[in-house]
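Written below as structure tokens is the structure these notes are about.
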Amino acid sequence: MKKNIILAISAIIVFAVLAISCKKDEATAKPVITLTEVGHDNSRHAMRGDDMHLEADIVAEGLIKRIDVEIHKEDGGYEIEKSYTEGKYIGVKNTEFHEHIDIPAEAPLGEYHLHFTVTDKKGQTTLAEAHIEVVEFDEHEHHDE
């Protein structure tokens, strides 16, 4: 009888530990993204035939697995995609994303939508969005960074 009580108490303790562990896993927050600069000086402009400055602060408790950048024409028909699956941003909890996304010379002018998606190692994703405008290249406004 004493052995059965000890087994029952042990089973309850094991179940409680597992339940707490699962709750802890579920409590990992989704990644948090703050777009800090889209286009030079946060102009929300990108010149075709040049690159677009893009910065974001990222906090991912579940550690960053991948970052996807998609820029598509508002009315469809043209898309630029770039993914980061290895390197300095991957496997970290906090980072400042700072990249220059190439805007091809053949990109149509006009309104675009930016999707900046961070996926953590637990499979959770967060999307940050911004509207940008692709404009004609202007040598006088071009800034080397």
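Descriptive notes on the structure:
- Computed lengthening from Val92 to Gln124, 0.36 nm per intervening residue step minus Cα-Cα distance: 10.1 nm
- Computed about the Cα centre, the dipole magnitude for region 25-111 is approximately 220 debye when only Lys and Arg (+1) and Asp and Glu (-1) carry charge, each at its Cβ.
- Extension gain for the segment Thr34 to Asp57, taken as residue separation times 0.36 nm less the Cα-Cα distance, is 7.8 nm to one decimal.
- The C-alpha radius of gyration of region 31-135, expressed as a fraction of 2.2 N^0.38 Å, stands at 1.05.
Quick note: the coordinates plus some simple rules give every number you see, no bench work behind them. On a predicted model such as this, the values are computed, not experimentally measured, just so you know. Every residue, glycine among them, receives a Cβ derived from its backbone with ideal geometry; neighbour counts consider all protein chains shown.
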